[in-house]
Amino acid sequence: MDAFTYIDGRLLCEGVPASALADRFGTPLYVYSRATLEGHFDRLSSAFAALGPLVCFSVKSCSNLHVLRVLVTRGAGLDVVSGGELARARRAGCPDGRIVFAGVGKSRDEIAAAMDPPIGWFNAESEQELDAIAEVAGRRATGEDRRPRVALRVNPQVAPDVHAYTATGVKGAKFGVDFDEARRLFDRFGTGARAPITLDGLHLHIGSPIYETGPYVEAIRGTLALVHDLAARGHAVRSLNIGGGFGADYQSARSPSARDYAEAIVPLLRERVGAGLRVLLEPGRTIAANAGILLTRVRYTKTVPGPAGPKRIVIADAGMQTLIRPSLYGAFHFVWPTDPGVALVPARRAEDPGLPGLARADLVGPICESGDFLAKDRPLPPLAPGDLVAVFTAGAYGMSMASNYNSHPLPAEVLVEGADARLIRRRQTIDDMLAAEERG
């Protein structure tokens, strides 16, 4: 159960009123619930327990060190895609053996950093990247037990119903290699090859967020057929990383549960695990999205002529620089005042909830772009300057994608644990923002 609830007409995060957090720490403000983070991780781990997987949280989805430490303490590994994320994973206390390094463009310096000490797995995405990993490993003259372990990312060419920008397993995508290329690369680098790496894994990730189980079944079945082909060529596949992309509840329980995903996936892999296959998962938003909200304060309101009549505009201090998903992906986030002044709070859904006293409005930010909005044409209670609004399901790809566009400082982040709240990232100041230029 997500720990953001309205009680007696006001929003609480666990045991702390959202308005108290905004008064104490200012806005815009990202607020995370530790109980929700842990609950989502535990449910996912439990659902897939029959496979004994290593669940590697996707650092790119929510990269704050304190959030990472919560999950690492819970037993999570971490999925990183850059040298910076690798440093975050280590600073968060993640054992190197539970770190997976993905991403299409690793530099040799990043590769070298991940070998000292050696991480659990590299997810390699091309022949040239395999050459780079082998080159760096060869220079290090490591022993057999310290050869970097590599999983080759394959593109199963499965097209789930996701935004074009987040479809990663379709034909023509920049990610991974096709199955024919995978066979060739295993012949070159795999079992028995004279290479300073251990290529004995496969990795796939087909996109995000995916609200159906069928694409996973299709992708895994195809990849298991490849495993069989590779075995016939003398190559043992000892690990299979099935990626992430599981959905989160942005609207109204649209997303399958962790158990739903597991019921479709576990039967495909249980027998293989019994024969020694190691399974890894790389979830991000399904753990973090509903564990965070964005609090934003209304600055101004106005009414403008619109195609269908007068249109309300609510201008807040958070915008596309704070949460870019609505502008970048056309993503839906439920928005509602923290103290709405109405007796009922609607379910998270796009259609008119039918409550009295509501009128449609656009919730926009301060950025000089027409694409700067958090919500469009939403039924909302009356809002005035100073009112506080919560943007829900903002814990994933919110703060991690925030920017200084228009030279706005980055927001603060807070972690709530029961009745306690602590600052886990201080608000950036203008001096902070300019320091790299002043001292460059």
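Laboratory data are not the source of any read-out in this text; all were calculated from the coordinates shown. Since we're looking at a predicted model, the values are computed, not measured. So basically every Cβ, Gly included, is an ideal-geometry build from the backbone, and we count neighbours across all protein chains shown.
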Kindly rank 120-127, 46-53, 284-291, 100-107 from highest to lowest mean number of other beta carbons found within 10 Å of each residue.
284-291, 120-127, 100-107, 46-53
Grab the chain and count how many Lys pairs have their alpha-carbon atoms under 30 Å apart, sequence gap of 8 or more, or different chains.
9
Computed over the chain, Cα set: Rg, Dmax in Å:
23.1, 73
Calculate, in whole percent, how much of the Cα-Cα pair population of region 103-281 lies beyond 23 Å.
43
Positive-end residue, the chain charge dipole about Cα centroid, Cβ charges, pick of Thr198, Pro379, Tyr261:
Thr198
With θ set to phi - 60°, apply the Karplus curve 6.51 cos²θ - 1.76 cosθ + 1.60 along region 27-39 and write out the HN-Hα couplings as whole Hz, x wherever there is a Gly or Pro.
9, x, 9, 8, 10, 10, 9, 4, 4, 6, 4, 5, x
